[in-house]
Amino acid sequence: MVRRVAVVGAGVSGLAAIKCCLEEGLEPTCFERSEDVGGLWRYTDQAEEGRASIYRTVFTNSCKEMMCYPDFPFPDDHPNYMHNARLQHYICKYTEHFNLRRHVQFKTLVTKVRKHPNFSVTGQWEVVTQRDGKEETSVFDAVMVCSGHHVYPNLPLADFPGIQKFKGCYFHSREYKEPEKFRGKKVLVVGLGNSGSDIAVELSTVASQVYLSSRSGSWVMSRVWDNGYPWDMLVITRFWTWLGNILPRALSDWLYVRGMNRYFKHENFGLMPLNKTSRKEPVFNDDLPSRIACGVVVMKPNVKEFRETSVLFQDGTVQDDVDVVVFATGYSYSYPFMEDDSIIKSRDNEVTLYKGILPPQLEKPTMAVIGLVQSLGAIIPTADLQCRWAIKVFQGQCMLPPVSEMMDDIDEKMGKKLKRYGNSTTLQTDYITYMDELASAIGVKPSVLKLLLTDPRLALEVFFGPCSPYQFRLMGPGKWSGARRAILTQWDRTLQ
């Protein structure tokens, strides 16, 4: 029987794990290397070793109704998109409301997670931690890894010939905090993701010129969508997911490209993705097109070579007198505390997890990796549902298929992902499809047909309205009594 659970990290996923353990009568102990909860969202002036790092002006890309914990809506007066400090405040409020802090050991670093000698019988783990220079080993019945995947910067300098000769300053976007020290400089930002475009736009207000280099382009979306409503409340609906699944691929692709180009033609702005129909996560930036139109951000193709003070691009153009290069080249996921790294990365150094959560090769299913997926949906409700599923597996209430079937399922999904999202995004998944798959397995997926007979108003909002997190606390184990009301009043809070 699983009783004691170790949770690694007290960010949004770790807090969901603690709460879900408590709901099921388990005893969680969470280890957090920093001094407070919040993980990625706890801003510090300096990037800290082994912790995710954000810049001062980070705002959320998901709106408050779509990104909250499913049984803890944001206060009515909060804006739809939030500055990181306000989100951190909400995370602390959630922690207090459910009394989670007493289960967290702060300033405690997990140095090793290894199988207990009799793991094949008990499924137990030894967790080695360090605090104030003292080492301690404890035994747990299960482990939930919630350490995130924005910690270890991916800085592929080998892909950029001549970078050693470059006399200017260069660093990974993880180190970037605020724009002032770049006043009057010429800055090249490499990478057209959310961080790259945010930093380029922010620097364009102080730098003499910003260049934004992209290898493969990207769709750029605004947070503010039709009639001024939040994009995700209009786009992430069961109706649109259903329509996308029944339409022929060619028609679905055509509609997708047309929808993405509705506000401006990406081609004219040098932003067009190489693979137009790939559903790779778009970039959310309300200001980038206008900054390009104003000439303060200039789009460039991939870098071919760095020189002492200049940069040669793939199209043959050279940019002279570049002072600073910011590499917004993303992150690699790493679990340095795992004694056997192949448990999580079991094939070609790729993460191979059943349902994106469970290492399939374990003799006993007592480890879960939470939050290692990417989708258009927000991470908080995703992590909450992943935790609920994982705990049902730990308790034997959610039966797993044989290893061979789990591996086939992983392969089949990976094949679909590569087709849909392209090579670079193996963590990408379709939000509603994924959430419904987990919800079905534990009996909490809302039944639209059943609701149509018993509560037609709610049924229509569930199907045609935003697929907000409250839907997954509407029925079944762990249901929340306020879910119906939260769904029926979500537009009111958005307008407020």
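The values are calculated or read from the model by the stated rules, or taken from the named source; none is laboratory data. Just so it is clear, the model here is predicted, and its values are computed rather than measured. Cβ sites come from the backbone with ideal geometry, for glycine too, and all protein chains shown count toward neighbours. Ligands, DNA and RNA are excluded from the accessible area calculation, which covers all protein heavy atoms including side chains. Shrake-Rupley method; radii C 1.70, N 1.55, O 1.52, S 1.80 Å.
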Exercise. Between (i) 135; (ii) 214; (iii) 155, which matches volume of the Cα convex hull per residue in Å³ calculated for the structure shown?
Worked result: (iii)
Seminar exercise, completed: per DSSP, antiparallel bridges as share of beta bridges in the chain, % nearest 5, sits at 45 percent
Seminar exercise, completed: Given the candidates LEU15, ILE54, LEU87, the one whose Cα lies deepest towards the positive end of the charge dipole of segment 1-88, counting +1 at each Lys or Arg C-beta and -1 at each Asp or Glu C-beta, is ILE54
For this session: Please go through segment 250-288 and write out the trypsin sites (Lys or Arg not before Pro) that DSSP classes as loop and that have at most 12 other C-beta atoms within 10 Å.
Result: ARG262, LYS265
Exercise. In terms of solvent-accessible area of protein heavy atoms at a 1.4 angstrom probe, what is the ranking of ILE343, ILE379, highest value first?
Worked result: ILE379, ILE343
Seminar exercise, completed: Of CYS387, CYS92, CYS294, ordered by accessible area with the largest first and a 1.4 Å probe, the sequence is CYS294, CYS92, CYS387
Exercise. What number, rounded to the nearest 500 deg cm²/dmol, is the helix-based mean residue ellipticity at 222 nm of the chain, given -39500 (n - 2.57) per DSSP H run of at least four residues and division by all its residues?
Worked result: -8500 deg cm²/dmol
For this session: Within segment 212-317, list the GluC sites (Glu not before Pro) lying in a DSSP loop whose Cβ has at most 13 other Cβ atoms in a 10 Å radius.
Result: GLU308
Exercise. To the nearest 20 debye, what charge dipole does segment 53-185 have about its Cα centre, counting +1 at the Cβ of each Lys and Arg and -1 at the Cβ of each Asp and Glu?
Worked result: 680 debye
Exercise. Roughly to the nearest percent, how much of the accessible area of the chain is carbon and sulfur, given a 1.4 Å probe?
Worked result: 51 percent
Exercise. Accessible area per residue, 1.4 Å probe, Å², for the chain: what's the number?
Worked result: 44 Å²
For this session: Let me know the charge dipole size of the chain about its Cα centre in debye, to the nearest 20, where only the beta-carbon of Lys, Arg (+1) and Asp, Glu (-1) is charged.
Result: 540 debye
Exercise. Any idea what the dipole of segment 159-212 comes to, in debye rounded to 20, about its Cα centre with Lys/Arg Cβ at +1 and Asp/Glu Cβ at -1?
Worked result: 300 debye
Exercise. Using the alpha-carbon atoms, what tilt in degrees (0 to 90, nearest 10) does helix 403-421 show relative to the longest principal axis of the chain?
Worked result: 30 degrees
For this session: Give the residue from SER216, THR429, LEU449 lying farthest towards the positive end of the charge dipole for the chain; charges sit on Cβ (+1 for Lys and Arg, -1 for Asp and Glu) and the dipole is referred to the Cα centre.
Result: LEU449
Seminar exercise, completed: In terms of the alpha carbon gyration tensor, root eigenvalues a ≥ b ≥ c, rounded if a/c is under 1.5 and otherwise prolate when a/b exceeds b/c or oblate, segment 211-369 is oblate
Exercise. Among the aspartates and glutamates, which have Cα under 13 Å from the Cα of LYS177 when same-chain residues fewer than 8 positions away are ignored?
Worked result: ASP45, GLU48, ASP198, GLU202
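Given the pairs LYS355/LYS416; LYS186/LYS300; LYS185/LYS265; LYS19/LYS93; LYS185/LYS300; LYS112/LYS413, which are separated by over 20 angstrom at their Cα positions?
Listed pairs above 20 Å: LYS185/LYS265; LYS112/LYS413.
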Problem set entry | Efficiency of FRET between THR57 and GLN314 - r from beta-carbon atoms, R0 35 angstrom, step 0.05 | 0.70
Exercise. When only DSSP loop residues count, what trypsin sites (Lys or Arg not before Pro) in segment 1-97 have their Cβ near at most 13 other Cβ atoms within 10 Å?
Worked result: ARG3
Problem set entry | At R0 = 30 Å, FRET efficiency that the Cβ-Cβ distance of GLN46 and ARG102 yields, to 0.05 | 0.55
For this session: Pull up the cross-link candidates among the lysines for LYS165, meaning alpha carbon to alpha carbon under 17 Å and not fewer than 8 places away within one chain.
Result: LYS304
Seminar exercise, completed: Unpartnered Cys in the chain, judged by a 4.7 Å Cβ-Cβ cut-off, are CYS21, CYS30, CYS63, CYS68, CYS92, CYS146, CYS169, CYS294, CYS398, CYS467
